[in-house]
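Q: This structure is in structure tokens; I'll ask about it shortly.
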Amino acid sequence: MLRSADNLKRFSTRVREFFGNHGCKVRFFMTWISSLKSFVESLFRSHPDACLVIVSNSMDSESGSLVLKPFLDKRFKLIAIKPDFDYLFKDTHAEKWFKGLKKGNVSPVTKLRNVIGAQTLDLETRNWSRLNNAVLIFDKKHPLLFKFIEEFALTFDGNKWGHNGPYLVSRVVSRVNGRPEFNFTVLPPSAFYPVNWSRIRNFFRGPRDKVHSSWLHKKLEQIKSESFAVHLWNKQSREIKVESGSIINYIMLDCCVFCNSSSSSL
């Protein structure tokens, strides 16, 4: 077991060495959730020269290396590193919250720039009624990110669904909206959330008849022209099988790197 100071040095050193050795101009960070190979494929399909750091205990291991080996064999630049949260949260509002969590005082339950996506719109005003934090694209040290972290540390509640996510960013943006020092854009639902969580199953279904096939085609064309990403609402969709001819099937085939292997399955 590494001591905390050694672990901190190991994490920060490995990240700096990885970026330094590869001359990384485009950098991505992600946490690993099971069955996210398709996301990694999509990322490198769109950004083949990017550098990806996967912050994960399970992936920074021998078994994790086997999962990542196909990408490394194709000379994609990625690395999995065990996180050091003391280092990541240092000098942020989340630092105090994390210390409380460790002590048992907290219940743990492209060209886009400075944007957040709306999840739903008010049908009358066409203004956003709820935002979502699944996709956040902001400059380093952007004041809105600071406010998100501050709100998270001050109001964390693991017993309320969405309180620390969509409701959090919606609360904060409602307070700062219109203030000139917070320069950001709210994109419409079609940008990242072209389907509501209650209807995500439709994206996994293949055509049932001519009418359904026509709807799938039109929806897919709409996504291609209006969406930057498609949020899959993992809690609702993780057990759904991807059917041939479905919207998700077409997206996977369009984004895959290992198109004829099991790596392309969700």
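Q: How high is the FRET efficiency from C24 to H163, r the C-beta distance, R0 45 Å, rounded to 0.05?
A: With a Förster radius of 45 Å, E is 0.80.
Q: How much FRET efficiency would the formula 1/(1 + (r/R0)^6) give for H217 and R45, where r is the Cβ-Cβ distance and R0 is 35 Å, rounded to 0.05?
A: Computed FRET efficiency for H217 and R45 comes out at 0.95.
Q: Let me ask something else. Looking at the stretch 136-177, which trypsin sites (Lys or Arg not before Pro) are DSSP coil and have at most 13 other C-beta atoms within 10 Å of their C-beta?
A: Counting only loop positions with at most 13 other Cβ atoms within 10 Å, the trypsin sites (Lys or Arg not before Pro) in the stretch 136-177 are K140, K141, K160.
Q: Can I ask one more? Can you pull the one-decimal nm distance between simple spin-label points at E62 and I240, each 7 Å off the Cα toward Cβ?
A: 3.9
Q: Please compute the volume of the convex hull spanned by the alpha-carbon atoms of the stretch 197-261 and report it per residue in Å³.
A: Residue-normalised Cα hull volume stands at 99 Å³.
Q: Given the stretch 9-87, what whole percent of its Cα pairs are spread farther than 17 Å?
A: 42
Q: Could you check what % of the DSSP bridge pairs in the chain are antiparallel, to the nearest 5?
A: The antiparallel fraction comes to roughly 30 percent.
Q: So for the stretch 47-167, what percent of the C-alpha to C-alpha distances run longer than 25 Å?
A: For the stretch 47-167, the share of Cα pairs beyond 25 Å comes to 45 percent.
Q: Which of the peptides 208-219, 47-58 is most tightly packed, and how do the rest follow, judged by the mean count of other Cβ atoms within 10 Å per residue?
A: For the peptides 208-219, 47-58, the packing ranking is 47-58, 208-219.
Q: Moving on. Based on the inverse mean of 1/r over its pairs of different Cα atoms, what is the Kirkwood hydrodynamic radius of the stretch 115-191, in Å?
A: Over the stretch 115-191, the inverse of the mean reciprocal pair distance is 12.9 Å.
Q: How big is the equivalent ellipsoid of the chain along its three axes, where each semi-axis is √(5λ) from the Cα gyration tensor, reported in whole Å from largest to smallest?
A: 31, 27, 18
Q: Would you work out the relative contact order for the stretch 136-266, in percent, from Cα pairs under 8 angstrom that are 6 or more residues apart?
A: 22
Q: Run the lone-cysteine check on the chain: no other Cys C-beta under 4.7 Å from the residue's C-beta.
A: When partners are defined as cysteine Cβ atoms under 4.7 Å apart, the chain leaves C255 without one.
Q: While we're on this one: Quick check on packing: order 188-194, 61-67 by the mean number of other C-beta atoms within 10 Å, highest mean leading.
A: So the order, starting with the most tightly packed, is 188-194, 61-67.
Q: Now for a different question. So which of K99/K141; K82/K241; K103/K141 end up more than 25 Å apart by C-alpha?
A: K82/K241; K103/K141
Q: Another question, then. Compute the distance from the alpha-carbon center of the stretch 15-74 to that of the stretch 113-181, in whole Å.
A: Measuring centre to centre over Cα atoms gives 27 Å.
Laboratory data are not the source of any read-out in this text; all were calculated from the coordinates shown. Owing to the predicted nature of the structure, the values given are computational and were not obtained by experimental measurement. Using ideal geometry, Cβ is built from the backbone for each residue, glycine included, and neighbour counts are taken over all protein chains shown.
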